[in-house]
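Beneath this line is the structure, given in structure tokens, with notes to follow.
The values are calculated or read from the model by the stated rules, or taken from the named source; none is laboratory data. What you see is a predicted model, and the numbers here were worked out from it, not measured in a lab. Neighbour counts are summed over all protein chains in view; Cβ atoms, including those assigned to glycine, are modelled from backbone coordinates with ideal geometry. These accessible areas exclude ligands, DNA and RNA; they are computed on the full protein's heavy atoms, side chains included. Shrake-Rupley method; radii C 1.70, N 1.55, O 1.52, S 1.80 Å.
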Amino acid sequence: MATEGGAGLAKSAVEKLSDAMGEKTKQLGTAMQDVHRQRRLILVIVCVALFLDNMLYMVIVPIMPVYISTMWKATENLSSEANASGANANWAKSVLGRGYHPENEDIKIGVLFASKAILQLLVNPLSGTFIDRVGYDIPLLIGLTVMFLSTIIFALAENYATLFAARSLQGLGSAFADTSGIAMIADKYTEESERSRALGIALAFISFGSLVAPPFGGVLYCIAGRRAPFLVLACICLLDGLLLLTVMRPFGGRARANMPVGTSIHRLMVDPYIAVVAGALTTCNIPLAFLEPTIATWMKKTMGASEWQMGITWLPAFFPHVLGVYLTIKLAAQYPHLQWFYAALGMAIIGASSCTVPACRNFGQLIVPLCGICFGIALVDTALLPTLAFLVDVRHVSVYGSVYAIADISYSVAYALGPIVASQIVHTLGFPQLNLGMGLANVLYAPVLLFLRNVCHMKASHSERNILLEEGPKGLYDTIKMEERKGKGRPPHPAGEVEGNSLESYHRD
């Protein structure tokens, strides 16, 4: 009897668990069918992808210098043993001087850090065009897959060449994941205030990933070894890719023939308004990109900073960055015509903060200008990334892969030059001159954003846009114009069904 009772309880428990799992599966299916819930799931997927990319970008900061230095010391010990035995001592010394000198070690670290942004810079023109052709979900999956592979290679690497290959491979993945992710948000959130809020959330995850990665990597490195941080990130990347497959079903056989053909990337690059935005994104990120590889050495020399102070230098700046994102979203909702002003104000704050960095004499003082730099970057990014989507809506075709590839190129220029050029400038001119130059560049560029002051009043005057409006609306701006035409009693073209031809409708099918 006891056995039968136990079997009955086990059967009942299994039935309850099965019912619960069935209910959860049903809820997930319902969520994926609901447009608003699907948008939120997509936002989560994209934010996790951006968070992972920036975690992987910065997690090597406390790990790689120690690891590369260990390789150098191991070779030095090998040569010492050879010297002690009298076997080929001169050859060993020449190898040390040529390949493993500490100065050469710094160069190797700088090239390793920059290789990701350099490859990303080279691939982005191709990835942007590819995204415009096939949509956003497949490139995002490709990016996550490549990032997963690069993270595994990082964990298993045993020499500099393998580390360099892993870092470069990450740049390839980022060119697909970052661009398609941001473009997907712009496509799904077509209302301007919602788009600004969604992109602001994505920027907060980018900032959080960049700033929390060094302490995360350092702590796990000390506790569990060099491979642990990369294996953790690889697992999260794998889970994010599986969630993307579940929600978006990129290989579900949907027809892509109705997807509009986006404007080519070279035509977007010569658009003066997009060019101004791209220049601002590059200029505002130069202080952060150039200070990251140089500020720790300067802190140690000028203020005798401890290891933990150098390790958490940028961590307090996360909070003003999130504050800047929040304020810009709120102000843009109330005063959307002043987006250019928020960006110009951000560049002025970045310029002033950058100029004051060399005047700091202790860790507490240094936190203030670094927070100012990150606060200003938040203003610029949060104001201008939605502006890029709006410019594409009103001046080109509402397909966003290429325009956000241009934005990614703008970031990559700064971060490709930073690890290589910044140290040379400090060595040649000095740390104060580097900061003054970066600050002056931002202050001088701020008035250029006046060129964008009338963007919010733009109307589609481009001949291609007029043709597309006759064919049917492709985005928020087109839908508004079509409704205006209907209101004036001008019937649309028979093919101009809003739900049938819109890009949002395509993604709902």
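Does SER180 fit the bill of being in contact with a Lys or Arg (Cβ under 7 Å, 6 or more places away or on another chain) and either assigned to a helix (DSSP H, G or I) or not hydrophobic (A, V, I, L, M, F, W, C) (or both)?
No; evaluated as a whole, the condition is false for this residue.
Determine which member of the set LEU444, LEU440, LEU391, LEU452 is closer than 25 Å to PHE318 by Cα and not assigned by the TED database to the domain that holds GLY171.
Just a single option satisfies the conditions, and that option is LEU440.
Which residue pairs have Cβ atoms under 8 Å apart, sit 6 or more places apart or on different chains, and have a first residue in the stretch 126-146 that is in the same structural domain as MET184 (by the TED database) and at negative phi and a second that is among the hydroxyl-bearing types (Ser, Thr, Tyr) and open to solvent by 30 Å² or more (accessible area, probe 1.4 Å)?
As it stands, the answer is THR129/SER264, since those pairs meet every condition given.
Which residue out of PHE154, PHE164 is crowded, with 20+ Cβ neighbours inside 10 Å and over 16 Å from the mean Cα position of the chain (by Cα)?
PHE154
Pairs please, first residue from the stretch 147-174 and assigned by the TED database to the domain that holds LEU50, second anywhere and surrounded by 24 or more Cβ atoms within 10 Å (Cβ to Cβ) and among the hydroxyl-bearing types (Ser, Thr, Tyr), Cβ atoms under 7 Å, 6+ apart in sequence or on different chains.
These pairs meet every condition: ALA166/SER150; LEU169/SER150; GLN170/SER150; GLY173/SER150.
Being outside the structural domain of SER210 (by the TED database), buried (at least 17 other Cβ atoms within 10 Å of the Cβ) and not in a helix (DSSP H, G or I) is true for just one of ALA305, ALA378. Which residue is that? Talk me through it step by step, then tell me what you get.
Details: ALA378 fails: not in a helix (DSSP H, G or I).
Checking each option against the conditions leaves just ALA305.
Which of the residues spanning the stretch 358-375 are hydrophobic (A, V, I, L, M, F, W, C), under 24 Å from the mean Cα position of the chain (by Cα) and buried (at least 22 other Cβ atoms within 10 Å of the Cβ)?
LEU370, ILE373, CYS374, PHE375
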